[in-house]
Amino acid sequence: MELLFVTLGGAILGLAVRYIFPRRSAYGALLLPAIGAAVASAVWAGLTWVGWKFDGGWIWVVSLVLAGIVPIAFALLVPRQRTHADTGMLASLSRA
């Protein structure tokens, strides 16, 4: 049950990141929430696998902090890459 809650928390953090950072038109509406949910659940599962207790406080902190940091990185990198790719595509299409 805790895995469900941490996954939901990661999705909510990803959704918050989507609306905090600008240029959200460069990626889909569910990209950052999906990344947040995936990171939170993967970190949670990995930490329980190495022996961290699921009812401890640090597993929550680490899982949710990483579920907030990774979508921030994507929110900063994806628009830059998308703009660069779109510019290159426009240049190649306009030459033809």
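Name the residues in the range 36-55 that are assigned to a loop (DSSP other than H, G, I, E, B) and aromatic (Phe, Trp, Tyr), would you?
Of everything in the range 36-55, those that are assigned to a loop (DSSP other than H, G, I, E, B) and aromatic (Phe, Trp, Tyr) turn out to be 52, 54.
What pairs can you find where one residue is in the range 24-50 and within 14 Å of residue 8 (Cβ to Cβ), the other is of a type in the set (Ser, Thr, Tyr), and their Cβ atoms are less than 7 Å apart, with a gap of 6+ or different chains?
37/7; 40/7; 40/63; 41/7; 44/63
Just name the residue that is modelled with the lowest pLDDT out of those in the range 48-70 that are farther than 20 Å from residue 34 by Cα and among the small types (Gly, Ala, Ser).
So, considering only residues that are farther than 20 Å from residue 34 by Cα and among the small types (Gly, Ala, Ser), the one modelled with the lowest pLDDT is 56.
Just to check your reading of the model, which residue among 4, 13, 32 is closer than 14 Å to residue 76 by Cα and modelled with pLDDT of 95 or more?
The unique qualifying residue is 32.
Could you please give the count of residues in the range 12-23 that are within 10 Å of the chain's Cα centre (by Cα) and touching a residue at least 40 places away in the same chain (Cβ under 8 Å)?
Of the residues in that region, 4 qualify.
Return the total of residues in the range 1-35 being within 23 Å of residue 53 (Cβ to Cβ) and in a helix (DSSP H, G or I).
Final tally of qualifying residues: 10.
Say whether the condition of being farther than 21 Å from residue 80 by Cβ and touching a Leu at 6+ places or on another chain (Cβ under 7 Å) is met by at least one residue in the range 21-42.
Yes, the range 21-42 has at least one match.
The values are calculated or read from the model by the stated rules, or taken from the named source; none is laboratory data. Computed from a predicted structure; not experimentally measured. All Cβ positions, glycine included, derive from the backbone under ideal geometry; neighbour counts span all protein chains shown.
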